[in-house]
Amino acid sequence: MNINLVKTIISILKWSIIAVLTVFFGLLTIIISLFSPKVACLSTVKYWGKLILFFCNINLKVNGIENLSNKPLIIMYNHKSFFDIFCFSSFMPYDWRAMMKKELLKFPVFGQAVKIMGHYFVARDGSFEDRREVVKMLKKIKNGKIVFIAPEGTRNPNPGLLDFKTGGFFIARKTDTNILPMIISGAGDILDKGSLNIKSGDVEISFLNEINVSSYPSDKDGINSLREHTFKVFQNNL
């Protein structure tokens, strides 16, 4: 049998499993979130990520987990693949929310689940068009939520980094919430952007040391300096 045909069949099976798991755990998440989004985040969402990694034969290694703590944090990560969220969903020990593109709300079940859980939604380019979302995010972060933000604003299939958007750094500084850099390696090899071929492989996630945002002024220049420093931290650790 043609090897490319075999790969296509295997990928179709993997996508089918992802769809079934997303619908099943999405419905459970919606029901549980009516009572406690936190419980849903730490149970159904975690099992959803674990099972997707298992059935797609992806081995995940996490380094620096001791740098992660249950307090207000903005976790910034280099966004390489759809599989990024499957990976960090599978092991996060604390309640968290993520900044997502509004287009994800259109996905059946998944869109309803992330909305009822209280995730945050931005424009396709990662910008903050809706100031109400910014206000909501500021309030929730102050109340103790861990938030995942991809500062590049979109998936980057190429080596290196895209320029970091300013929005996440504005939020970090205005709430005095430290940034925790999270480096993802290998996820871009699992699924190429524009491709449906899911490959098996290894993904490594490394949490670095917190970046203290209070040492930067809260004006425009200070926020840009924070952004530039964070960009250099990522560059030096990729």
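Here the relative contact order of the stretch 1-104, from alpha carbon pairs under 8 Å that lie six or more residues apart, stands at 32 percent. When the residues HIS229, HIS79 are ordered by accessible surface, computed with a 1.4 Å probe over the protein chains alone, the sequence from largest down reads HIS229, HIS79.
The stretch between LYS71 and ASP221 holds 51.3 nm of extra length on full extension. This uses 0.36 nm per residue minus the Cα-Cα distance.
Per the 1.4 Å probe, what fraction of the accessible area of the chain, in percent, lies on carbon and sulfur atoms? The nonpolar share, carbon plus sulfur, comes to 57 percent. At the listed q of 0.17, 0.20, 0.31 Å⁻¹, the Debye profile of the stretch 17-68, built from one uniform point per Cα, gives log10 I(q)/I(0) equal to -0.61, -0.75, -1.07. The sum of -39500 (n - 2.57) across all DSSP H runs of n ≥ 4, divided by the residue count of the chain, sets its helix-only mean residue ellipticity at 222 nm to -14000 deg cm²/dmol. Summarising the strand pairing of the chain, around 20 percent of its internal DSSP beta bridges are antiparallel. With a 1.4 Å probe rolled over the protein heavy atoms of all chains, the accessible area of LEU34, LEU226, LEU5 falls in the order LEU34, LEU5, LEU226, largest first.
Ligands, DNA and RNA are left out, and with a 1.4 angstrom probe the accessible area of the stretch 186-238 is 56 Å² per residue. Comparing SER43, SER89, SER195 in a Gaussian network model of the chain where C-alpha atoms under 10 Å apart are linked, the largest mean-square fluctuation is found at SER195.
Taking a span of 24 Å or more along the helix axis (Cα atoms) and a mean Kyte-Doolittle hydropathy of at least -1.0 as the rule, the DSSP H helices of the chain that qualify are 3-33. Over the stretch 1-56, Cα pairs under 8 Å with separation of 6+ residues give a relative contact order of 38 percent.
The values are calculated or read from the model by the stated rules, or taken from the named source; none is laboratory data. Just so we're clear, the structure is a prediction, and the values are computed from it rather than from any experiment. These accessible areas exclude ligands, DNA and RNA; they are computed on the full protein's heavy atoms, side chains included. Shrake-Rupley method; radii C 1.70, N 1.55, O 1.52, S 1.80 Å.
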